[in-house]
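Scroll down for the structure; my scribbles are underneath it.
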Amino acid sequence: MIIKNGKIITWQNPNQILEDMALLIQNGVITKIGKFEDIKRAFPAEEVVDAGGQYVMPGNICAHTHFYGAFARGMAIPGMPAKDFPEILEKLWWSLDKSLSLEDVRYSALVCLIDAVKHGTTTLIDHHASPSAIRGSLDEIAQAVAQAGVRASLCYEVTDREGEKGAEEGIRENLRFIDLIKRNNPLPGKLAGMFGLHASLTLSEDTLRKCREAVADDVGFHIHVAEDPADEYDSLYKCGERVVDRLYRHGILGERSIAVHAVHVDVREVDLLAQTKTWVTHQPRSNMNNAVGMSQPEGMLRAGVRVCLGNDGFSNAMWEEWKTAYLAHKLWNRDPRRMPATTVVEMAVYNNRALAEQQFNIGPLGVICEGAQADLIFVDYHPFTELNEGNLPWHIVFGFHESMVTSTMVAGEFLMRNRQLLTLDEEKITYEARHLSSQTWQRFQNLFQVS
């Protein structure tokens, strides 16, 4: 197709905003950027899509999420409210994930992907857990990804909290899925795999050793790191070393691995993350909700750490995460100069893009240039002040809203057009999800009664 009459935000580095230019898309790739008349003359048979003066820009990327947490929305937790993060894990997440069936897993992913497509997120890196339904769980999510048409990287978070058998099943599920991706990827270019680990505080020395020995060096690990001080104290108690030091000793860190949160790391740990080129993801909405504190991505970036932006299972409207990052660090540090919008862009655009390109290995992602994947969104934003390359980050923080996304495209195919979902039946999926979630909630309640 040829997309005309759009104001094109390229997110190149440096960024450009192109007016009076058109995009030619062939086989899912942007093959030419130029004047509409010239492209149309050279390719007269191509369908013409009129963007109607909207902004045309790359789809957003989420560097860390949890599809499995969708059914927590509105769920009542028995007893007194959790007083700290370990209690949040025990009372909510470790009971919810244990209550999920394979069908729940698929529909949890589907409702999250509806949210992603509607709000302009085209690539997501997921971290899954369902201890009562491990085998085949990543296939269920992959089916949802195929149905939605987005790109996603998947893994299963191995943990010892269900004993040796549960840990071994988690290892096998990761290995099975990674082998599938390497040998016969059902969605080439749209599906990727990592090796998931929950967190240091739920992993024994023996399990970490088994995980490291099980996978090749070209496979990255995806693990929560020092989200709460409890993770650090647990590691010190078990091994006499801090979390990042422990993971480094086991060979878990590296240029293909993701360390999620890194809220309570010290200077030495930051240095190890930088030396090993380990990716770090920042999730400010989650950190605020769990009251675990706030990491220091500005300092980590200065130290050479590749910091990205995720959402930890919050809504897949990634501009909400941008806005939270921009504001939260000012309040946390009591300094309005902290976390400028350009730093948010460094994480959410440039570093997220580099991570996604590494995951899918299909060339440029998250950018508009010739040769890039055509993962695009149309945004119906009408600025009442000048918008240019220099002030765009602040327009996004203070002006853009996820409701302004009217169309979402991945690999040159519309997943939503003029606010109409084309690949997912929202009414049917949410109807089924409500039915399934009520059963999940009942199993959740039963776990509390047993305990």
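The values are calculated or read from the model by the stated rules, or taken from the named source; none is laboratory data. Since the structure is predicted, the reported quantities are computational estimates derived from the model, not experimental observations. All Cβ positions, glycine included, derive from the backbone under ideal geometry; neighbour counts span all protein chains shown.
Listing for the model above:
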| item | result |
| --- | --- |
| Selected residue (only one of 134, 125 is within 12 Å of residue 67 (Cα to Cα) and touching a residue at least 24 places away in the same chain (Cβ under 8 Å)) | 125 |
| Test for residue 219: is it in contact with a strand residue (DSSP E or B) (Cβ under 6 Å, 6 or more places away or on another chain), among the hydrophobic types (A, V, I, L, M, F, W, C) and surrounded by fewer than 24 Cβ atoms within 10 Å (Cβ to Cβ) | yes |
| Candidate set: the stretch 1-56, residues that are more than 30 Å from the chain's Cα centre (by Cα) and of a type in the set (A, V, I, L, M, F, W, C); chosen: the one nearest to residue 395 (Cα to Cα) | 21 |
| Cβ pairs under 6 Å, 6+ apart, first in the stretch 76-95 and in contact (Cβ under 8 Å) with a residue 24 or more places away in the chain, second of a type outside the set (Gly, Ala, Ser) | 78/448; 85/228; 85/290; 85/292; 88/290; 95/444; 95/447 |
| Filtered residue count, the stretch 256-291, keeping only those that are part of a loop (DSSP other than H, G, I, E, B), within 19 Å of residue 198 (Cα to Cα) and not hydrophobic (A, V, I, L, M, F, W, C) | 5 |
| Residues of the stretch 32-69 satisfying the condition of being touching a helix residue (DSSP H, G or I) at 6+ places or on another chain (Cβ under 8 Å) and small (Gly, Ala, Ser) | 63, 69 |
| Selection from the stretch 196-211 of residues that are within 20 Å of residue 240 (Cα to Cα) and among the basic types (Lys, Arg) | 209 |
| Pair list, Cβ under 8 Å, 6 or more apart: the stretch 8-23 residue in contact (Cβ under 8 Å) with a residue 12 or more places away in the chain and of a type in the set (Phe, Trp, Tyr), other residue in a strand (DSSP E or B) and surrounded by 16 or more Cβ atoms within 10 Å (Cβ to Cβ) | 11/57; 11/58 |
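Here is a yes/no grid of residues against (1) basic (Lys, Arg); (2) at pLDDT 95 or above; (3) in a loop (DSSP other than H, G, I, E, B):
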site	(1), (2), (3)
52	no, yes, yes
56	no, yes, no
61	no, yes, no
64	no, yes, no
68	no, yes, no
74	no, no, yes
79	no, no, yes
87	no, no, no
